[in-house]
Amino acid sequence: MSAAMDTESTYSGYSHYSGHSKKAHRQGRDRHKSPRSKDGSRSEKSVTIQTPPAEPLLGNDASRTEEGQDDNWGETTTAITGTSEHSISQEDIARISKDLEDSVGLDCKRYLGLTVAAVLGLLVFLTPIAFILLPQILWRDNLEPCGTACEGLFISVAFKLLILLIGTWALFFRQPKADIPRVFVFRVLLLVLIFLFVFSYWLFYGVRILDSKDTNYQGIVQYAVSLVDALLFIHYLAIVLLELRQLQPMFTVKVVRSTDGESRYYSLGQLSIQRAALVVLENYYKDFTVYNPALLTASKSRAAKHMAGLKVYNVDGPGNNASGQSRAMIAAAARRRDSSHNELYYEEADHERRVKKRRARLVVAVEEAFTHIKRLQAEEQQKVPGEMMDPREAAQAIFPSMARALQKYLRTTRQQQYHSMESILQHLSFCITNNMTPKAFLERYLNPGPTLQYDRDRWFSKQWTLVSEEAVTSGLQDGIVFVLKCLDFSLVVNVKKIPFIKLSEEFIDPKSHKFVLRLQSETSV
């Protein structure tokens, strides 16, 4: 009897799980069904690689519903179907292999450039020293004695080389911020110029000094000093081309995020397209609010709900063209357009009311939780009885009283995927440590912050693709448009040149500010 009951319970549990799996399977097929054209051809396959889901804020109960949907709408669901568009084919594997090879090529190109620059820099610094030491080594007995002026040139060469070394380290030996698709033209030109310059000096030194074994040692030292002076002038030219040239604003760029239309304006100088793209990305991470795809699902679900209510019947038989059905659905959707704006208005009004309500509950809960924490001064620690806690323990103690209100607010505003429990506890302990107010603690959650505010693993896109009709090494021009693409969205950049402003002046004599009070007989003055 007991074994039969166990078998029955096991079967019922398996049936429940199987039903749930079939439901998830159907939902996955509806969600991943590939669009078909008139001839039934399937769209191009694609592979989407996403980061693993974040740690949930609190324990979620899948049985509860809120706002007419599952309480765990932010969590991911994986469904494996036979008709999923997100499948891996042989072409996809070849494309992934090509991307890996391209990344390896970029690494090799970067290290090769660093190696060439390091070798050339070492040659530049050793050349003046070699010019001075080679005569002392090869024909020391035949050299003329070095006087006071010659010995003073040694000090000049030493300090100039030290200044050149510090300037080169500050300008060139910096941590690279990004890998660009093409070489930096001005940097390559400077490297070529330095190589030709040093090569010409070595050629002249070999022909006129080494072959003839010149005995005028002061002239040889003076020749090395002239080389160091020329290198200092080349370093000044590098500062002008690499740093100063781009400081004066010449263009205004408008950056628009393709998914939600958020835009910003920036002023740029004389830059190439690839370097302008780097400046745009650096400003994007600190100026744009974090990309939240959950906010875009409302309009899509609303449109799908409206189209789901339309039914088309083929009265002419299966052989009729499908274009008639499409026209019928478009006409029916146009007739329902008049009522859709009312639904949108009431949905947004209800959502705003719900957000304000839960925001008020969250503010009250956080203020009440912060009232239980009191910072003890050094002289009060011996007087106050009870157990004293560090900031981390204090944050863990007051967090449960505000956790539910914070969880509901983040779900309503669809931000829960960006805030894990550990990140909230760290922020709470940080606020307690620095004696910050409840309003300062809530600032991160009440208003969506910039992308850099959140965890690096959640927002950082490891690779961007620059799409431009012009060569990426060419300079910015009026009317140029280029696109920066990542996995989920793209940034459209439109370049406009700052117009020429003609400003004139007009002189006003201070003595001309004279006025007369005009009175009429009807006035009461």
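The values are calculated or read from the model by the stated rules, or taken from the named source; none is laboratory data. These figures come from a predicted structure and were not determined experimentally. Don't worry about glycine lacking a Cβ; one is built from the backbone with ideal geometry, like all the others, and counts go over all protein chains shown. What goes into the accessible areas is simple: the full protein's heavy atoms, side chains included, and nothing from ligands, DNA or RNA. Shrake-Rupley method; radii C 1.70, N 1.55, O 1.52, S 1.80 Å.
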Take the residue pairs Lys177/Lys502; Lys254/Lys408; Lys177/Lys356; Lys177/Lys496; Lys160/Lys496; Lys439/Lys497 and return only those whose Cα atoms are more than 32 Å apart.
Lys177/Lys502; Lys254/Lys408; Lys177/Lys356; Lys160/Lys496; Lys439/Lys497
Simple label model, 7 Å out from Cα along Cβ direction - Ser258 to Leu203, nm:
5.1
In whole percent, the Cα-Cα distances of the range 139-192 spread across 10 Å bins from 0 upward as 17, 28, 22, 18, 11, 4
With just the Cα atoms defining each centre, how far is the range 488-510 from the range 234-302? Give it in Å.
18
What accessible area per residue comes out for the range 96-246, rounded to a whole number of Å², with a 1.4 Å probe?
64
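With a 1.4 Å probe and every protein chain kept in, tell me what percent of the accessible surface of the range 179-299 is carbon plus sulfur.
64
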Under 12 Å, Cβ to Cβ, from Leu446 - net charge with Lys/Arg +1 and Asp/Glu -1:
+4
So how strong a dipole does the range 96-246 carry about its Cα centre when Lys and Arg Cβ are +1 and Asp and Glu Cβ are -1, to the nearest 20 debye?
340
